[in-house]
Amino acid sequence: MAMIGGGRGSFIGAVHRMAAALDGQIELVAGAFSADPATSTLTGQDLFLDPERVYGDYTSLLEAEAQQPPEKRIDIVSIVTPNHLHTAPALMAFEKGFDVVLEKPMTFSLQEAKLLDQKRKQTGRALLLCHTYTGYPMIKEARARIASGVLGPIRKIYGEYPQGWLYNFLEGSNHKQADWRTDPARSGAAGAMGDIGTHIFNLIEYVSGLQVTQLCADINTVVRNRKLDDDGAALLRFNNGASGVLMATQVAAGEENKICLRLYGEKGGLEWHHQDPNTLLLKWPDRPAEIIRTGSDAVCTATRHATRVPAGHPEGYLEAFANLYRNFSLALRSKALGQEPDAIVLDYPGTTEGVRGMAFIETMIASSRTTQKWIDLIA
């Protein structure tokens, strides 16, 4: 694997490197880690990489790595840059014959997302979009339970993602993460809705198996002088007639990443909390609630595949992230051997989810700017 972005001072770059390495399937061998060549060089030294495979820019990296002999040539390019620098390197990586791992949201705009999806199909390459929370074992279990019909047709969905780290004007203090995430030129049309709103939107659709068809949004910029939204909510309508509520905010002072997902069907409901990710709660109208735990015998094959340790040993964010990388790697290995990948390893987000995520962002923004009550979500 090569990495674009993720140099010194990057949060998500280090997370990607740990996740990719966790299962011993992927080795980082090259990188263009920063727009500053000196920082890229220092990051390469930190990671003990061959200096000849540490580059000052992504164009040089992709050009040079494409010329490597087969035994040294990279397979995957992991792109962990701010949003405005996703599309160009991903397109070039496809053209050079590399598969791509990409941070979310997938692109800067819906138009770019569709272009990237088209290029992926034209080149026959693969893309992993890092919607991390879909990698949790109990999220796999929730999805399987709903797909089995045990809850009956889904009627109501609630998805919440409250954070508090942007409760004040943090971008006014030269805070790198706050600076680019609240900058329209680098983040795109949305702030909180692009950064975390897309996560809870993706999680809702992934677990339920449904698609949002319409939404009615209210988006706010709470902190004075901030250039993008930091708070918002939406009423949702789904393609089976169900309704729902989505909330994402970064100004819930004191909260960390308190994701909560609740889905209710005709026969029962389920609930999952990020702060206790190894637990899934099933609720019934005619009997006591059930607690399903990671590592128990009651879970499905996909859940067991996503679990590495025995029951009672906590697994969390890094393992969920690693599950995405592992599935992607296993799918690519099968393809390289001329084999059809097992369905269980094809369970990772890609350009389809990326296009829907960008459609969600742009529809949320459009809805918040109009007095019309409902806006169709068209991906």
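Computed over the Cα atoms of the range 91-232, the ratio of the radius of gyration to the Kirkwood radius (Rg/Rh) comes to 1.01.
Averaged over residues, the count of other Cβ atoms within 10 Å places the peptides 65-76, 154-165 in the sequence 154-165, 65-76, highest first.
Remark: relative contact order (the range 2-130) = 20 percent; criterion is Cα-Cα distance under 8 angstrom and separation of 6 or more residues.
Normalised by residue number, the volume inside the convex hull of the Cα atoms of the range 1-151 is 138 Å³ per residue. Pairs of Cα atoms under 8 Å, at least six residues apart: use those to get the relative contact order of the range 77-143, whole percent. Worked out over the range 77-143, it gives 32 percent. Helix 37-46 axis versus longest C-alpha principal axis of the chain: approximately 80°, rounded to the nearest ten. For the chain, the mean residue ellipticity at 222 nm estimated from helices alone is -10000 deg cm²/dmol, where every DSSP H run of n ≥ 4 contributes -39500 (n - 2.57) and the total is divided by all residues, rounded to the nearest 500. The angle between the Cα long axis of helix 137-148 and the main principal axis of the chain comes to about 50°, on a 0 to 90 degree scale. Relative to the longest principal axis of the Cα atoms of the chain, helix 12-21 runs at roughly 90 degrees. Restricting the range 293-376 to trypsin sites (Lys or Arg not before Pro) that sit in a DSSP loop and have at most 14 other Cβ atoms within 10 Å of their own Cβ leaves Arg369, Lys373. Listed values for the range 226-232 are Karplus-derived 3J(HN,Hα) couplings in whole Hz (6.51 cos²θ - 1.76 cosθ + 1.60, θ = phi - 60°), namely 6, 8, 10, 4, 10, 7, x, and x replaces Gly and Pro.
If you take every residue apart from Ile4 with its C-beta less than 14 Å away from the C-beta of Ile4, what net charge results, scoring Lys and Arg +1 and Asp and Glu -1? After counting each charged neighbour, the total is -3. Think of the range 2-130 as having a plus end and a minus end, set by charges on the Cβ of Lys, Arg, Asp and Glu; of Gly24, Gln45, Leu85, Leu85 sits farthest toward the positive end of this dipole. Among the chymotrypsin sites (Phe, Trp or Tyr not before Pro) within the range 39-137, those in coil by DSSP and having at most 16 neighbouring Cβ atoms inside 10 Å are Phe48.
What does DSSP give for the chain in terms of the percent of beta bridges that are antiparallel, rounded to the nearest 5? Around 60 percent antiparallel, to the nearest 5. Summary value for the range 176-331: 12 percent relative contact order, contacts being C-alpha pairs under 8 angstrom separated by 6+ residues.
Using the Cβ of Leu62 as centre and a radius below 9 Å, the other residues enclosed give a net charge of -2, where K and R count +1 and D and E count -1. Other residues with beta-carbon under 10 Å from the beta-carbon of Phe201 carry, at +1 per Lys or Arg and -1 per Asp or Glu, a net charge of -1. Can you list residues whose amide H is under 5 Å from Ile79's amide H, if they're 5+ apart or on another chain and H is modeled 1.01 Å from N? Under 5 Å from the amide H of Ile79: Ile4, Val101, Leu102, Glu103. Under the combined filter of DSSP loop state and at most 16 neighbouring Cβ atoms within 10 Å, the range 308-379 retains these chymotrypsin sites (Phe, Trp or Tyr not before Pro): Trp374.
Evaluated with a Cβ-only charge set (Lys, Arg +1; Asp, Glu -1), the range 307-355 carries a dipole of roughly 180 debye about its Cα centre, given to the nearest 20.
None of the figures in this text is laboratory data; all of them are computed from the coordinates on show. Given the structure is predicted, the values throughout are model-derived calculations rather than measurements. No Cβ is skipped: glycine too gets one built from the backbone with ideal geometry, and neighbour counts run over all protein chains shown.
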